[in-house]
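Structure record follows, encoded as structure tokens.
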Amino acid sequence: MSFNKPIILLASVLLLLSCRQGKVKSSAEKPSTGTNSEVSGTFNISGAFALYPLVQKWSNDFMKLHPGVKTNLSIVGTGEGLEDLRSKKSQLSMISRPLSDTELGEGIWTVPVAKDGVAPIVNKKNPYLVKILSQGLSPDKLLKVFTSDKPLTWGELLDATSKEKVPVYIRKDESGASDVFAAFLNKESSDLKGTGVTGDIEMIKSIQNNPLAIGFCNFSYAFDLSTGNQVENIQIIPVDLNYNKKIDTKEIPFNNLDKAHRGLWLGIYPKNLCRELTFGSLGKPTDPAVVEFLKYVLTSGQEDVKTSGLCELNDVYVSNSLDKLK
């Protein structure tokens, strides 16, 4: 029995060390917020519809953690949000598209906080849905329907005999979704033609109310967050990228939000329809309350990204974003 005691003691020591090492590793997996609970002040945030629901959650939770801080949030679209930055009406802008060279030249500093995609959509009750899903619409056909001076018919889009016109809906606000979708078609958002609506919610309702209509929206608005499935009477259009008039494996539209996010990261979804969602400021932020808020967004706040319908950042993105704040 005395011979076994040293062995038992050694095993106990090794087990204790192993547990301690495991705890250290676990805590290192999640970046520390490095937050300062004593910060105070007020700052304004305005901009993109795509980020608004998530930023509203972040703002409310952050103010609970930091009672001395007040944030004011406005949903005005990316374009007006950037204008608010220039006029110093806001300290942070919610941005849902890449900045132009001119905007970068103005000294606008950005940090990624989430990812999203833009999708062309139709009504699930569209009488030609079976054909839309089997052959999709090529970029050229999407270009025609969204830039034509006169309404096209579903027959023209699907190489069929139908004479029913295609009601087209576009965004009339300065939205990142418009810029991304137009860029995918090698156009500017000002080139898009159709009935203008404000925001994704109005876009979704417009398509739901018209079985023949076509439009586009952010991924996060195309899916029901409680089920992960596409919202009622909304169908993402498959894009026929190789123009063979049939939907291949990589072109099958996502019917589930988790699959959509996975496809976004894996490059299955068209890259030009994916974008980073960012916060912008005039120069690197120095206000302690703003810096603390951004640290929160990039650490604890990332847990809210997926539940908001957006795609959370991976560890590399988070690490690089935190480095930008140093």
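The values are calculated or read from the model by the stated rules, or taken from the named source; none is laboratory data. Fair warning: this is a prediction, and the values are worked out from it, not measured in the lab. For neighbour counting, all protein chains shown are included, and Cβ atoms are generated from backbone atoms with ideal geometry for every residue, glycine included.
A few comments on the model shown:
- Just one of the numbered conditions (1) buried (at least 17 other Cβ atoms within 10 Å of the Cβ); (2) at pLDDT below 95; (3) small (Gly, Ala, Ser); (4) under 24 Å from Asp323 (Cβ atoms) is not true of Ser93: (2).
- Odd one out for Ile207, checked against (1) touching a residue at least 40 places away in the same chain (Cβ under 8 Å); (2) of a type in the set (Val, Ile, Thr); (3) touching a helix residue (DSSP H, G or I) at 6+ places or on another chain (Cβ under 7 Å); (4) crowded, with 17+ Cβ neighbours inside 10 Å: (3)
- Any hit, region 237-245, residues being of a type in the set (Lys, Arg), at pLDDT below 95 and within 18 Å of the chain's Cα centre (by Cα): no
- Count of region 79-102 residues which are of a type in the set (S, T, N, Q) and touching a strand residue (DSSP E or B) at 6+ places or on another chain (Cβ under 8 Å): 4
- Region 264-296, residues that are of a type in the set (Lys, Arg), closer than 27 Å to Ile45 by Cα and in a helix (DSSP H, G or I): Lys295
- Top-ranked residue in region 211-263 [being part of a helix (DSSP H, G or I) and in contact with a Leu (Cβ under 9 Å, 6 or more places away or on another chain); ranked as farthest from Glu164 (Cα to Cα)]: His261
- Counting only residues that are under 24 Å from the mean Cα position of the chain (by Cα), more than 21 Å from Asn44 (Cβ to Cβ) and among the β-branched types (Val, Ile, Thr), region 92-138 holds 4 of them.
- Just one of the listed residues (Leu157, Leu129, Leu142) is over 30 Å from Leu51 (Cβ atoms) and crowded, with 18+ Cβ neighbours inside 10 Å, and it is Leu157.
- Of all residues in region 38-53, those being in contact with an Asp or Glu (Cβ under 9 Å, 6 or more places away or on another chain) and in a loop (DSSP other than H, G, I, E, B) number 4.
- Exclusive hit being polar (S, T, N, Q), surrounded by 10 or more Cβ atoms within 10 Å (Cβ to Cβ), at pLDDT below 90 and touching a helix residue (DSSP H, G or I) at 6+ places or on another chain (Cβ under 8 Å), set Thr35, Thr78: Thr35
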